[in-house]
Amino acid sequence: MDLNTLSSEVQQHVINMFREHQSPKLMFHNLYHTEYVVNKSALIAGNYQLNEQEQFVLNMAAWFHDTGYLFVPPAEHEEKSVELMKQFARERQMPFDIVNEVAGCIMATRLPRNPSGLLQEILCDADTFNFGTKEFKKTNELVFTELQNASEVPLSRRKFDERTLQLLKDHEFYTSYCKEELKEEKKANQKKLKKKLAKGNKDVYEIAIERNEITEKEGTTKGMQTMLRLTSSNHIKLSDMADSKANILISVNAIIISVILGVLLRKLQTDPYLTIPTIIFLAFSVTTIVIAILATRPIVNAGTFNNADIVNKKTNLLFFGNFHNMGWQEYEDAMRTMMKDSDYLYTSIIQDIYHLGVVLGRKYRLVRLAYTVFMVGIIVSVISFAVAALVYSPAVAPVTGTNTTGLPF
């Protein structure tokens, strides 16, 4: 068994799984986090003498450890991750001892953690490596957003921060490498959270409740968020469907054109009466492909904005076409400005949904037109081939010869 080749297959399999099933709600537990854990587990393992099989077990466990998030609720994701890993292993007839070691490493990341052995300790530390780095603030925001997306009721920021602080207090690194390298930054992250909580910071939702800006009768904030989120999600799904329909037309007509060019054109040398039906068939196929391509061809804006656009709320920062040519710092400042203004934020979300709808309208008009052209083209082409075959009736030359046998037959 070539472990290097198998490692490459594991990597590609998990990447494809995330690309196929990734949910936009998973702001933290996504492919980026998985690749982060893979890299950090390799970094930690580099400080210990692991053999080739141990390195493979650790690498495979790191790739699969959060795949369960793609299919089941967070509380069940470890078991699902093990199930997905075992399915992959069965297809490749991997040894049971390796499969069991990988499963043990994945289950060791479940809270409360109690890893057994170096490999499980390394994976647990890699999974929480960000606790002892400066990027903890950023990753913590992503976790908060992910929990908000999954929660049916508004999530209090203060309660989330309190839980996070308790998590940091209860957490421990297991490997000597992480204990030495990450302990100081982890203490700093705890200190920052304590300071934030000491200020008594409350999230926007809590403040609005205290000011009676959100009452039980008016409590439509959550309803509005759900409505906007579902509407946006439905628009994206419809866009994917339109692209799939257009791709079907492109593939089918590309095959038709290749058949015409490869087979039918040679036939015209002996059967010239098929020329006009062939041209009709080819013209309709090319037209269908062009329309389908127009339906899927992206339209990209200049991708820039200025301070005046932000001040006057004239640019939608949620659409990539309005910022893809801007610098990171400019975009971050603009986004923070927008997030402080709830009216600007909701207006941007509404604009985003509106423009998605406009693009959808254009896509479906073109896809409908492409299917109509394809349908008419098939009918007209079949009729033209039939007419050509019926109208063309070549004269059959009589068979003549000389009977030299003297017989009457």
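For the reader, a short list of remarks on this structure follows.
- Test: residue in the stretch 229-244 that is surrounded by fewer than 13 Cβ atoms within 10 Å (Cβ to Cβ), at pLDDT below 75 and closer than 27 Å to Ile353 by Cα: no
- Selection from the stretch 81-109 of residues that are surrounded by fewer than 21 Cβ atoms within 10 Å (Cβ to Cβ) and closer than 14 Å to His29 by Cα: none
- Only listed residue being in contact (Cβ under 8 Å) with a residue 12 or more places away in the chain and out of contact with any Cys (no Cβ under 6 Å at 6 or more places or on another chain), chosen from Ala295, Ala308: Ala295
- Test for Asn212: is it modelled with pLDDT of 80 or more and not β-branched (Val, Ile, Thr): no
- The residues listed here are Lys195, Lys186; of these, the one that is surrounded by fewer than 18 Cβ atoms within 10 Å (Cβ to Cβ), part of a helix (DSSP H, G or I) and assigned by TED's automatic domain parsing to the domain that holds Glu141 is Lys195.
- Residues of the stretch 128-152 classified as in contact with a Leu (Cβ under 8 Å, 6 or more places away or on another chain), touching a residue at least 24 places away in the same chain (Cβ under 8 Å) and among the aromatic types (Phe, Trp, Tyr), total: 2
- Condition check for Ala334: under 30 Å from Ile289 (Cα atoms), among the small types (Gly, Ala, Ser) and either at pLDDT 75 or above or assigned to a loop (DSSP other than H, G, I, E, B) (or both): no
The values are calculated or read from the model by the stated rules, or taken from the named source; none is laboratory data. This structure is a prediction, so every number in the text was calculated from the model and none was measured. Reconstructed Cβ throughout: ideal geometry from the backbone, glycine too, with neighbour counts over all protein chains shown.
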